[in-house]
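The values are calculated or read from the model by the stated rules, or taken from the named source; none is laboratory data. A quick note: this is a predicted structure, and the numbers were derived from the prediction, not measured. Every residue, glycine as well, gets a Cβ built from its backbone with ideal geometry; the counts of neighbours run over all protein chains shown. Only protein heavy atoms, including side chains, enter the accessible area calculation; ligands, DNA and RNA are left aside. Shrake-Rupley method; radii C 1.70, N 1.55, O 1.52, S 1.80 Å.
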Amino acid sequence: MITWYAVYTRPHGEAAALDNLLRQGYCAYLPRYRTRVRHARRLQSVLRPLFPRYLFAGIDRSSMPWRPILSTIGVTDVVRAGDEPHPVATDIVTTLQEQEMAGAFDRLGRGDALRLGEFVRITAGAFQDMIGRLIELRDQDRVVVLLDLLGRTVRAQLEAEAVEAA
């Protein structure tokens, strides 16, 4: 029976750790989300780890030792309780896999078409129908907008889906 464990990786080493764990015969899963990034004046769709520096390794403890994971390229440690790795509930990993396959983690919202410095209209929430200036695009599908409230300039962090170009 496979038991899942959280594996802590080197910075930006999730993909290398995943490849090396699979190569060694372990069952491994790296939950990812799809987002758009701008690089060299091009907008690209990329996969990013849902939990930076973490992935899951499935181990059948009756036939596979867990300690070789510690010397796997890209791996820093295994999340443990004392000296033993701490298991992650199987239904958590299964749910993550199902949601990823269904596209629940894709972050390709309208916020990617917005440009810094332009005026935007808020379409939902407490600030609905207000106009503000977009000052920051965040990776977590959020944006920061400067609003004029009661004669003061206020920063508001909003869902990217709740704003559109004015």
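Things worth noting here:
- You will find that of 56, 51, the residue that is surrounded by 12 or more Cβ atoms within 10 Å (Cβ to Cβ), over 27 Å from residue 164 (Cα atoms), aromatic (Phe, Trp, Tyr) and without any contact (Cβ under 8 Å) to a residue 40 or more places away in the chain is 51 and no other.
- Residues that are of a type in the set (S, T, N, Q) and at pLDDT below 85 do occur in segment 123-142, at least one of them.
- Residue within segment 30-46 that is open to solvent by less than 50 Å² (accessible area, probe 1.4 Å) and in contact with a Cys (Cβ under 6 Å, 6 or more places away or on another chain) present: no
- When 154, 145, 120 are checked against the criterion of being surrounded by 12 or more Cβ atoms within 10 Å (Cβ to Cβ), within 24 Å of the chain's Cα centre (by Cα) and not aromatic (Phe, Trp, Tyr), 145 stands alone in meeting it.
- Within segment 18-29, considering residues that are surrounded by 15 or more Cβ atoms within 10 Å (Cβ to Cβ) and among the hydrophobic types (A, V, I, L, M, F, W, C), the one nearest to residue 137 (Cα to Cα): 18
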